[in-house]
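Contents: one structure, followed by commentary.
The values are calculated or read from the model by the stated rules, or taken from the named source; none is laboratory data. It should be emphasised that the depicted structure is a prediction, and the values quoted were computed from it without experimental measurement. Here Cβ is always computed from backbone atoms with ideal geometry, including for glycine, and neighbour counts include all displayed protein chains.
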């Protein structure tokens, strides 16, 4: 990291047993206490919420999607507004992904070359190209605090050859990203380690990617179709290969358990659409596991969704009321459950943070492992 | 009204030119400054909003629908919770309608007799009956501050004979409502004047309905299918037939202009789904008239929806951002536009109230009539 950089990462405490860390990450739009869960605001909006509600959940940073914003409203239009913070009126830190993950998810609508990806808009079929330089252009226009390298993310399961080819391209593209990133002074570029479930590839990728002096590093390709045990194994293997003094971001994760496990591996940041997507389908995280509010057993239940939870939803509403809203497909159901689910993940991360700071993370983690409820959630 | 009643209506000022009034209405859940617009919370939720957002719009009272709540979750279930205020966690005043209007809108799904209406649930086809006594039972269970008599509301245009038959039934049913209303001490029953567009019927209905010593009176049947001029004529004719010292409620109205005109006629209360329904379709009230945010001309417009408006939406977001959300059918579009539209109607009512209190309502009203923009809205 350059000396004049507005980005600093300070590790406050490390769990000697696991390597789990508590830290703080300074960005141009504020300091983030880690480990941190980042809600996803795909289209420059966290679905079903207004930003005062997002702020009230205690969110410190949100993620937005370059692919979606490139298509609509267009990164140049956002730039004209003075960037994404101004466009969506969110003054805290933002992270944008590179667009790669969404494009690779298009399957039949895209063609990959060594230069980048040709793809068709999932809505109107129009053709576009994004490669590493274009991704940097888009993300420089959007102006997030943290931006991501353009990587190739293979679907799991992938053969060793497929995984290696994608990894090699990811490394080539990282060079291009580093050389074309035009706002190094106020946007932190994170490199991404790939390699699917192959540990020798992950090792090679970690070495290659961390050879760049970047302000942070991510582990990619763990949220697409592999079974949980294989992914946990890879995260446990890969996280310690990343520099101790830089933030580590596990992309697209996850459930309350996934987050806890990632923290145990030494991860500092994660994002996932799960809390808001589950909410739109009437489901919620609780300490008893995941619950579906549509279920008839909640029809007369006067208790809050999670007794003791101080989120807006639990402070004001009963399970019966949420059940009623979910049954009638009222939008407030999605809003109220999104609030609770996001708060639930923030609390999960905060509980880990406090345990790390207080030197009792091993006990805390082992206690959770014994609770089947956490694994169910 | 009984002496021990928690309901008092105090007329603070009357415009000598028009009879427009400013007052305050005391209810068990607080004092309402009139004239007042009441947002509609059909299913015990104001669509697309959480109640902290409703409260932040300055809403003093909201309306909920007996028909919907009778079917789902059921009035007995709400009663078990301690009533609607507790069930939906809204501590300010509530008004419930009688269910009549929704049932009569079912057309082919209902059969009217002198006892009440047999109808089929619009969702699952199950058969039910609601008459005046049942409507009182439902509304007593829901426990709103203000409840409405069960009336027959004819579709406009109606023949004189049809209108008279419905009016006569409405009068018979009012007797039943008065005699079966079981919570007179803490729920104010309002009678409803019917008679379609026939002035002699409206006159007869006003005389018959106001012969009951009720805490308030409403004008019904003006929001269903008649042209604006005929309705305005009927409101102007009927409002002065209602007691000066009781609140007057015009049901199902309306646009910013409709509200202003109703106030000019001496109306104190109105409700309408329009602000929230328009919001869900991307439209907003402004001082320049109604606008559709989907329109391409807003794509790069950095101004707030209504410059000078201090609502959450206008304080934080640009027209371009709202355009973006509307185009992508993001739920936040419905929330943000609902907030603005409700605030817009509250401001319209408040502006009238202040003009009445300051003795300048005639000038204010005539100024609006000259502004074509207001009529467009």
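Listed here are the residues, each with its yes/no results for (1) in contact (Cβ under 8 Å) with a residue 24 or more places away in the chain; (2) closer than 20 Å to residue A:189 by Cα.
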{"residue": "A:219", "(1), (2)": "yes, yes"}
{"residue": "A:241", "(1), (2)": "yes, yes"}
{"residue": "A:249", "(1), (2)": "yes, yes"}
{"residue": "A:260", "(1), (2)": "yes, no"}
{"residue": "A:264", "(1), (2)": "yes, no"}
{"residue": "A:274", "(1), (2)": "yes, no"}
{"residue": "A:285", "(1), (2)": "yes, no"}
{"residue": "A:301", "(1), (2)": "no, no"}
Enumeration of residues in the range A:327-358 that are more than 10 Å from chain B (Cβ to nearest Cβ) and not in a helix (DSSP H, G or I): A:358
Top-ranked residue of the range B:34-47 - restricted to ones that are over 12 Å from the mean Cα position of the chain (by Cα) and within 14 Å of chain A (Cβ to nearest Cβ), ranked as farthest from residue A:311 (Cα to Cα): B:43
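Collect the residues in the range B:304-314 that are farther than 17 Å from residue B:283 by Cβ and more than 9 Å from chain A (Cβ to nearest Cβ), keeping them in residue-number order. Show your work before the answer.
Keep residues of the range B:304-314 that are farther than 17 Å from residue B:283 by Cβ, which gives B:307-308, B:310, B:312.
Answer for the range B:304-314, where residues must be farther than 17 Å from residue B:283 by Cβ and more than 9 Å from chain A (Cβ to nearest Cβ): B:307, B:308, B:310.
Working only within the range B:102-118, note down all residues that are over 18 Å from residue B:176 (Cβ atoms) and assigned to a loop (DSSP other than H, G, I, E, B).
Taking the range B:102-118 as the starting set, the residues that turn out to be over 18 Å from residue B:176 (Cβ atoms) are B:102, B:105-111.
Hits for the range B:102-118 are B:105, B:106.
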Given (1) at pLDDT below 95; (2) under 19 Å from residue B:41 (Cα atoms); (3) in contact with a helix residue (DSSP H, G or I) (Cβ under 6 Å, 6 or more places away or on another chain), number of the condition residue B:141 does not satisfy: (1)
Checklist (1) outside any loop (DSSP other than H, G, I, E, B); (2) in contact with a strand residue (DSSP E or B) (Cβ under 9 Å, 6 or more places away or on another chain); (3) under 23 Å from residue B:191 (Cα atoms) applied to residue B:133, failing item: (2)
The one condition in (1) assigned to a strand (DSSP E or B); (2) over 24 Å from residue B:95 (Cα atoms) that residue B:313 fails to fulfil: (1)
Counted residues, the range B:173-205 - those being in contact (Cβ under 8 Å) with a residue 12 or more places away in the chain, more than 15 Å from residue B:133 (Cα to Cα) and not in a loop (DSSP other than H, G, I, E, B): 9
Number of the condition not met by residue A:232 [criteria: (1) surrounded by fewer than 20 Cβ atoms within 10 Å (Cβ to Cβ); (2) in contact with a helix residue (DSSP H, G or I) (Cβ under 8 Å, 6 or more places away or on another chain); (3) over 27 Å from residue A:61 (Cα atoms)]: (3)
Positions within the range B:85-101 being away from chain A (no Cβ under 12 Å) and outside any helix (DSSP H, G or I), in sequence order: B:92, B:93, B:94, B:95, B:96, B:97, B:98, B:99
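Can you tell me how many residues within the range B:13-30 are part of a loop (DSSP other than H, G, I, E, B) and over 16 Å from residue B:264 (Cα atoms)? Outline the logic, then answer.
Looking only at the range B:13-30, we keep the residues that are part of a loop (DSSP other than H, G, I, E, B), and these are B:15-20, B:28-29.
Keeping just the survivors that are over 16 Å from residue B:264 (Cα atoms) gives B:28-29.
Of the residues in that region, 2 qualify.
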Conditions (1) more than 23 Å from residue A:63 (Cα to Cα); (2) surrounded by 16 or more Cβ atoms within 10 Å (Cβ to Cβ): number failed by residue A:220: (1)
Total residues in the range B:66-84, condition within 12 Å of chain A (Cβ to nearest Cβ) and either under 14 Å from residue B:42 (Cα atoms) or surrounded by 24 or more Cβ atoms within 10 Å (Cβ to Cβ) (or both): 8
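Just for the range A:281-299: of the residues that are touching a helix residue (DSSP H, G or I) at 6+ places or on another chain (Cβ under 6 Å), surrounded by fewer than 19 Cβ atoms within 10 Å (Cβ to Cβ) and modelled with pLDDT of 95 or more, which one is nearest to residue A:242 (Cα to Cα)?
Quick first cut of the range A:281-299, residues touching a helix residue (DSSP H, G or I) at 6+ places or on another chain (Cβ under 6 Å) only: A:282, A:284-285, A:288-289, A:293-294, A:298-299.
Still in the list and also surrounded by fewer than 19 Cβ atoms within 10 Å (Cβ to Cβ): A:288-289, A:294, A:299.
Imposing the further condition that a residue be modelled with pLDDT of 95 or more reduces the set to A:294, A:299.
Numbers: A:294: 43, A:299: 49 Å.
Ranking the candidates gives A:294 first.
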Hey, residue B:103 more than 24 Å from residue B:61 (Cα to Cα) and either at pLDDT 95 or above or in contact with a helix residue (DSSP H, G or I) (Cβ under 9 Å, 6 or more places away or on another chain) (or both) or not: no
Boolean, residue B:322 is touching a residue at least 60 places away in the same chain (Cβ under 8 Å) and either surrounded by 17 or more Cβ atoms within 10 Å (Cβ to Cβ) or assigned to a loop (DSSP other than H, G, I, E, B) (or both): no
Qualifying strands (runs of 3 or more DSSP E) (wholly inside the range A:256-300; at least 2 residues being farther than 16 Å from residue A:235 by Cα and either touching a strand residue (DSSP E or B) at 6+ places or on another chain (Cβ under 6 Å) or within 14 Å of another protein chain (Cβ to nearest Cβ) (or both)): A:283-286, A:289-292
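Conditions tested, residue by residue: (1) at the interface with another protein chain (Cβ under 10 Å from one of its Cβ atoms); (2) buried (at least 23 other Cβ atoms within 10 Å of the Cβ); (3) in a loop (DSSP other than H, G, I, E, B).
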site: B:10; (1), (2), (3): no, no, no
site: B:32; (1), (2), (3): no, yes, no
site: B:49; (1), (2), (3): yes, yes, yes
site: B:53; (1), (2), (3): yes, no, no
